[in-house]
């Protein structure tokens, strides 16, 4: 449904923020037509009461809120670029083996100092995963994991809890720092204190382990840290958390989220009666184990990028919260537009 505002009476961006506000959404939901699937119509929307200050004020309010959304979009674009940098290096070193190929052909590896280049061999060897750099190993994931566990939920589920310790499920496993706060669920403090597994530590690698349509399983990987999205939280029984001192958390994350490994998990999980993977499936997965010094070099490169991504998501969360709380205050006059403009539109 498309609504077009009279430009002499209302600013379209202002109306967007009004209709997106919690107050307006609550009004629409409470007055939705209940026949069959709850819905609304054009007539209802035309008669929906709105707070319309003078057009100039509308434009100023929309400008302030739009500026906050612009900052959130900038953070999203930065995060996309940062993750692409980390993935590109991972692919170059550990999938395409560019440094090894360069040395094999008598060329210096691109974008690499001599000390780092010296860590890579100049020949390949056969392995269960095909040709890999000479001296590197193929191991099972289980042989290099220090932690592989799921969490738990109270008997009867979490539907009755609106406060407590956040419990992260499969719906929140979508990459580095990506979190939808509207889907947050909780378990009681008392239950959390009694749990012995599933408590999240900084930079745990999280793997969505089961669920979906019969015959189809689409694993996803996530990672949080540095107090985001919560200082203290846990996972439920549909998520694995993993740690590896041998691999380092960042190599572990990018390895697990590599297409080859995700396809392996998907094939294993799709064959199960209830789609998903278990600990045996995870532990038996083959992966490449480079020398410790190369892993350390990758960790040094990827760690600050991933930290920046998570911190940017935390900042965007603060900006979104500010945006969502400003509109009613601006409309009521509790906060003046000029005061906010000085702080936001700089």
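Numbers below:
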item	result
Relative contact order of the range 137-289, pairs being alpha-carbon contacts under 8 Å that are 6 or more residues apart, as %	35 percent
Dimensionless Rg/Rh of the range 137-289 - Kirkwood Rh, Rg from C-alpha atoms	0.96
In degrees, nearest ten, helix 55-94 long axis to first principal axis of the chain (Cα)	10 degrees
Most to least packed among 285-295, 192-202 [average Cβ atoms within 10 Å]	285-295, 192-202
Label point 7 Å beyond Cα of residue 155 along Cβ direction - residues of the range 167-196 with amide nitrogen under 15 Å	191
Whole-number percent relative contact order across the chain, with pairs defined as alpha carbons under 8 Å at least 6 apart	21 percent
Acute angle (nearest 10 degrees) that the helix 292-332 long axis makes with the longest principal axis of the chain, alpha-carbon atoms	10 degrees
Rounded tilt (10° steps) of 259-270 against the dominant C-alpha axis of the chain	80 degrees
Overall Cα dimensions of the chain - principal axes, largest extent first, Å	72, 51, 37
Percent RCO, i.e. relative contact order, over the range 56-195, from Cα pairs under 8 Å lying at least 6 residues apart	12 percent
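Laboratory data are not the source of any read-out in this text; all were calculated from the coordinates shown. All of these numbers come straight from a predicted model, not from anything done at the bench. Every residue, glycine among them, receives a Cβ derived from its backbone with ideal geometry; neighbour counts consider all protein chains shown.
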